[in-house]
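The values are calculated or read from the model by the stated rules, or taken from the named source; none is laboratory data. All of these numbers come straight from a predicted model, not from anything done at the bench. Here the Cβ is made from the backbone with ideal geometry for all residues, glycine too, and neighbour counts use every protein chain on show.
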Amino acid sequence: MKKYKEKVMQMVFLIAACTSILAVALICVFLFANGIPAMAEIGALDFLLGKKWRPSNDIYGILPMILGSIYVTAGAIIIGIPIGILTAVYLAKFCPKYIYRFLKPAVDLLTGIPSVVYGFFGLVVLVPLVRDTFGGDGSSILTASILLGIMILPTIISVSESAIRAVPESYYQGGLALGATHEQSVFFITLPAAISGIMAGVVLAIGRAIGETMAVIMVAGNQARMPAGLLKGIRTLTANIVIEMGYAADLHRGALIATGVVLFVFILIINLSFSLLTRRVNR
């Protein structure tokens with residue numbers, strides 16, 4: 001009876017795994033089957049390197065959106081990763097228990113806040129703050145970067161804290177035994193030992209940042225033009241798809257799906273790059 005139950009559960013797990021793989025495969029087939037022909041009709045170089053997006057004139061150049069996504073994601077990384085990792089270190093190694101009891105649930109709560117709520121926060125608080133402090137109209141690369149930096153914090157903090165806590169305590173105790181201070185043992189022994197888990201959190205955070213749509217639409221300005229500075233508006237790849245897919249048809253629709261292909265390839269390259277980097281660090 002026990003062996004029968006084990007075989008049944010093995011089949012359940014196998015079916016679940018196959019379903020997940022099939023879902024990913026179907027998404028890939030849909031994207032490439034619909035996006036590649038449109039990209040070929042437009043011209044791959046014209047599509048990827050074109051500086052103008054004018055569907056009414058059959059001009060489909062997504063370079064402004066590619067650069068917009070890269071700039072906003074890079075800004076979010078610069079803001080979010082240092083704060084997230086340092087917060088994780090504090091929670092895992094420095095935070096008193098009575099503070100941890102309140103701080104940890106607050107971090108977890110950030111994970112469950114919908115994107116549109118973050119967008120409202122950015123629209124009501126960050127846009128006027130950036131406008132009054134730096135000038136411009138407030139809807140800009142800088143505002144979107146700050147908002148995305150806040151949004152990726154829960155992912156980085158949670159994953160990094162778990163990675164730091166997973167490091168054997170003997171590493172830390174060994175550092176103390178050799179004469180290192182508490183801070184030195186944490187930052188020069190425990191933290192490097194947790195780098196694989198921290199990198200996983202960073203990859204997830206970058207995927208969240210580059211794939212975010214609703215919050216970015218509300219604070220980035222959404223102008224389909226080449227980026228002209230931190231205080232100017234831009235449009236990202238995801239925002240471009242969401243804004244125009246509702247009324248797109250024929251080649252215009254194909255161009256938007258091809259934009260999804262480019263976004264998919266971007267995320268794939270990021271994941272592969274971080275995987276190679278993590279392997280090199282662990283050697």
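Points to keep in mind about this one:
- Qualifying residue in segment 52-70 (condition: more than 19 Å from GLY260 (Cβ to Cβ) and assigned to a helix (DSSP H, G or I)): yes
- Look at segment 1-30: where a residue is modelled with pLDDT under 90 and a partner is aromatic (Phe, Trp, Tyr), sitting 6+ places away or on another chain with Cβ atoms under 8 Å, you get CYS28/PHE264.
- Of the residues VAL107, VAL89, VAL125, VAL116, the single one that is assigned to a helix (DSSP H, G or I), among the β-branched types (Val, Ile, Thr) and more than 24 Å from THR213 (Cα to Cα) is VAL89.
- Against the conditions (1) part of a helix (DSSP H, G or I); (2) more than 17 Å from the chain's Cα centre (by Cα); (3) under 13 Å from VAL72 (Cβ atoms), ILE206 satisfies every one except (2).
Okay, residues lined up against (1) under 25 Å from PHE120 (Cα atoms); (2) not basic (Lys, Arg):
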residue	(1), (2)
GLN173	no, yes
THR181	no, yes
ILE189	no, yes
ILE195	no, yes
ASN222	yes, yes
ARG225	yes, no
THR238	yes, yes
ILE243	yes, yes
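- Segment 137-154: number of residues that are assigned to a helix (DSSP H, G or I) and either touching a residue at least 60 places away in the same chain (Cβ under 8 Å) or surrounded by fewer than 20 Cβ atoms within 10 Å (Cβ to Cβ) (or both): 12
- Leading residue by the ranking (nearest to SER69 (Cα to Cα)) among those in segment 221-243 that are touching a Phe, Trp or Tyr at 6+ places or on another chain (Cβ under 9 Å) and outside any loop (DSSP other than H, G, I, E, B): LEU237
- Positions within segment 75-89 being without any contact (Cβ under 8 Å) to a residue 24 or more places away in the chain and under 17 Å from VAL203 (Cβ atoms), in sequence order: PRO82
- Scanning segment 201-240 for residues that are over 16 Å from LEU142 (Cβ atoms) and surrounded by fewer than 19 Cβ atoms within 10 Å (Cβ to Cβ) yields LEU204, GLY207, GLY211, THR213, MET214, ARG225, MET226.
- Residues in segment 90-132 that are closer than 21 Å to ALA205 by Cα, touching a residue at least 40 places away in the same chain (Cβ under 8 Å) and more than 21 Å from the chain's Cα centre (by Cα): LEU91, ALA92.
- Check on TYR90, exposed (fewer than 13 other Cβ atoms within 10 Å of the Cβ) and either in contact with a strand residue (DSSP E or B) (Cβ under 9 Å, 6 or more places away or on another chain) or more than 19 Å from SER145 (Cβ to Cβ) (or both): no
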